[in-house]
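Below is one structure, written out as structure tokens; the observations come after it.
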Amino acid sequence: METLHHKLLTIKDQQGFSLIEIVVALVILSTSILVLYNLILSTNLSIFHLDDHYHSKEVANNRVALLHTIEKPSLSDTRSGFMKMGGKEWQWQESFEVGASKELIKYEILIREKGANQYSYKSEGFLVNEQ
């Protein structure tokens, strides 16, 4: 009986956490939650930016393939148009000029999302002048 009475006394003498300990624990918890939230948010923004960059690069690659096969350019020409890819509409603009020699045509392709102010991708290169 004495051991039971002794256990009850020791349980009554124990104290809980102090208010300062609880506040410190909540500050640490809220700080870690904010850090994780910012990490997830920045990762999502990076994924969307990378996805747009990939699709604009593919639009430029498709334009280059068309230049090599079907849509042969003429010198000092500028063309533009729209292409759908990745669920978005992309605006492309091509310009051509004489390259280092008359046998080469230098091209520049600029890609941006329809309605955007800045171009998201730029491709430059040379084509063989077959004229």
Among the residues of the range 77-131, write down those that are in contact with an Asp or Glu (Cβ under 7 Å, 6 or more places away or on another chain), β-branched (Val, Ile, Thr) and either within 15 Å of Lys57 (Cβ to Cβ) or part of a loop (DSSP other than H, G, I, E, B) (or both). Ile109
Just to verify a result, which residue in the range 98-131, among those that are at pLDDT 90 or above and of a type in the set (Lys, Arg), is surrounded by the most Cβ atoms within 10 Å (Cβ to Cβ)? Arg112
Give Ser46, Ser30, Ser18, Ser56 a once-over and let me know the one that is in contact (Cβ under 8 Å) with a residue 12 or more places away in the chain and among the hydroxyl-bearing types (Ser, Thr, Tyr). Ser56
Filter result (among the aliphatic types (A, V, I, L, M) and either touching a residue at least 60 places away in the same chain (Cβ under 8 Å) or exposed (fewer than 13 other Cβ atoms within 10 Å of the Cβ) (or both)) within the range 67-97: Leu67, Ile70
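The values are calculated or read from the model by the stated rules, or taken from the named source; none is laboratory data. Fair warning: this is a prediction, and the values are worked out from it, not measured in the lab. For neighbour counting, all protein chains shown are included, and Cβ atoms are generated from backbone atoms with ideal geometry for every residue, glycine included.
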